[in-house]
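Peer 1: Here it is, the structure in full.
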Amino acid sequence: MDTSYEIQPDEVEVLIVEDSPTQAERLRRLIQSMRYNARVAPNGRLALEAIRERKPHLVLSDIVMPEMDGYALCRAIKADPELRDIPVILVTSLMDPKDIIRGIECGADNFIRKPYAEDYLLNRIGHMLMNQKLRKNQNMEIGIALYLGEQKHFINADRQQILDLLISTYEQAVQVNSELQARERQVIELNMRLAHHAGELETINREIALKNLELAEASRMKSAFIANMSHELRTPLNAIIGFTGALLMKLPGPLTPEQDKQLNTIRTSARHLLSLINDILDVAKIEAGKVTLELETVLCQDVVRDVVDTLRPLALQKNLALEIDLADPAIVLETDRRALTQILLNLGNNAIKFTEAGVVRVTLSERPGENGQNSMIEFSVADSGAGIREEDQAKLFQAFSQLDSTSTRHAEGAGLGLYLCQNLANLIGGSLFFKSDFGHGSTFTLALPAK
């Protein structure tokens, strides 16, 4: 190798022309890392003054700058016989073919595309410094005219400059193509991963669908079992209640006070158990979708009076006042009387069960609709009981949920009452909601649209 073309870094000075202080400092540090000397000019005009003051071995210039851009600076350098041998590398993010032609027109020796790899930039600087020595004694001028984009361009540069510039442009294209191929490989890999994940997701979805079918079948079997068992249990319980009633009526003969007391206990327990079984059976029918509504014209005041008459003996046993507050005009609904009655009985029974002293009030009212909607018929059951803690309120309408699930609780039940009420309310097109003030009582309201 001819050592006459070797470069001594300490003897080389590079002029950096960059209006961004951050980018200028980055380039200065990078170039000095190769032991080259480096100066910085913030624009083309000041760079030209610095070049004329002390001639650098290479100019590395941004294109887009204030006062004098990189093209104008390069043109001024190449137009000066004293300076034209200085290699000029233009650093740009512009990659339109016209930009390359403009670079050739102004006599630029090389292009570096932003963003650039630092090692690539350093290699290009090293090549340009070597090429400077190679063509030091060549000063042939040629002129070439060409059209690009319906515009005529005249290139006044030697063949070596044009070749260097075209090679650098080709290298940039190769680099861009390599980056595109790398990204294409990444896309292909990501697509393969996505396809793999999609396959896994499809498998999981099939498993979920299978589990859902198994759960649906298990739910159906559960509902069928509960319905069958409830039916089988109701028959002997009704017989027990019937025979106990006959004994209490003393049809077979007189009873001792102790026998009378024990038979009353048996009948009360049997009725309680029958009530639980009926709730379970109703829930099973609702969950199995086997409930058939029987719509009829219902006078709401009559339904409320019947419910209150049924609940009054329970209220008297606890010395509670059972009050009724009915709207004055008659309120008529097309609904299922049995479902409506069962909801109100459950709400009233709960109010009495959880109230130790005070009053239970059943109210019937009509609330005007909003924004042209139908008015709402509201059945409310309010009590002066203990109320419900805020943290317990979310559990109220869950099946088999009891706020006091300890073995010492004083209120009996399976925790199905409110769950059943909510489902029946939905079936007849209504909604069930409540408000409760812990320590001061609760109010449960069934709202049905008036028709």
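The values are calculated or read from the model by the stated rules, or taken from the named source; none is laboratory data. Keep in mind that this is a model prediction, so the values were computed, not measured. Note that we place each Cβ from the backbone using ideal geometry, even for glycine, and neighbour counts take in every protein chain shown. These accessible areas exclude ligands, DNA and RNA; they are computed on the full protein's heavy atoms, side chains included. Shrake-Rupley method; radii C 1.70, N 1.55, O 1.52, S 1.80 Å.
Peer 1: Using θ = phi - 60° and the Karplus relation 6.51 cos²θ - 1.76 cosθ + 1.60, list the HN-Hα couplings for the stretch 74-84 in order, rounded to whole Hz, with x at every Gly or Pro.
Peer 2: 4, 4, 5, 5, 6, 7, 9, x, 7, 10, 5
Peer 1: Among 252-259, 306-313, what's the highest-first ranking by average C-beta atoms within 10 angstrom per residue?
Peer 2: 306-313, 252-259
Peer 1: Here is a further query. For the stretch 204-209, in order, what is each residue's ³J(HN,Hα) by Karplus, 6.51 cos²θ - 1.76 cosθ + 1.60 with θ = phi - 60°, in whole Hz (x at glycine and Pro)?
Peer 2: Values per residue, Gly and Pro as x: 5, 4, 5, 5, 5, 4 Hz.
Peer 1: Also, I was wondering about something else. Amide H neighbours of L326 under 5 Å, at least 5 residues apart or on other chains, H built in the peptide plane: list them.
Peer 2: Counting only residues 5 or more places away or on other chains, the set is L364.
Peer 1: On the protein heavy atoms, probe 1.4 angstrom, tell me the percent of accessible surface of the stretch 1-125 carried by carbon and sulfur.
Peer 2: On the way: 2970 of 5930 Å².
The C+S portion of the solvent-accessible surface of the stretch 1-125 is 50 percent.
Peer 1: In whole Hz, what ³J(HN,Hα) sequence does the stretch 297-309 give by Karplus (6.51, -1.76, 1.60; θ = phi - 60°), x for Gly and Pro?
Peer 2: 6, 10, 7, 4, 4, 5, 4, 5, 4, 4, 5, 5, 4
Peer 1: Over 29 Å between Cα atoms, which of K222/K261; K250/K353; K318/K435; K211/K435; K261/K285 qualify? Numbers along the way, then the final one.
Peer 2: On the way: K222/K261 38 Å; K250/K353 31 Å; K318/K435 24 Å; K211/K435 38 Å; K261/K285 36 Å.
Pairs exceeding 29 Å: K222/K261; K250/K353; K211/K435; K261/K285.
Peer 1: List the residues, sorted by chain then number, that are 5 or more residues from I112 or on another chain and whose placed amide H is less than 5 Å from its amide H.
Peer 2: Those lying under 5 Å, H to H, from I112 are L90, V91, T92.
Peer 1: Still on this structure, please answer the following. What is the set of long-range amide H partners of A41 at a cut-off below 5 Å, with H atoms built 1.01 Å from backbone N?
Peer 2: The list, which skips near neighbours in sequence, is I16, V17, E18.
Peer 1: Out of the stretch 70-122, which GluC sites (Glu not before Pro) are coil in DSSP terms and have no more than 15 other C-beta atoms within 10 Å? Don't skip to the answer; put the middle values down first.
Peer 2: Values: sites: E82, E105, E118; in loops: E82.
Qualifying residues, ordered by number: E82.
Peer 1: Taking the mean number of other Cβ atoms within 10 Å as a proxy for protection, how do you rank 197-206, 29-38 from highest to lowest?
Peer 2: Per-residue mean Cβ counts within 10 Å order the peptides as 29-38, 197-206.
Peer 1: Taking loop as defined by DSSP and a crowding limit of 14 other beta carbons within 10 Å, which GluC sites (Glu not before Pro) in the stretch 269-357 fit?
Peer 2: Numbers: sites: E287, E294, E296, E323, E334, E356; in loops: E294, E356.
Those that pass, being in a loop and sparsely packed, are E294, E356.
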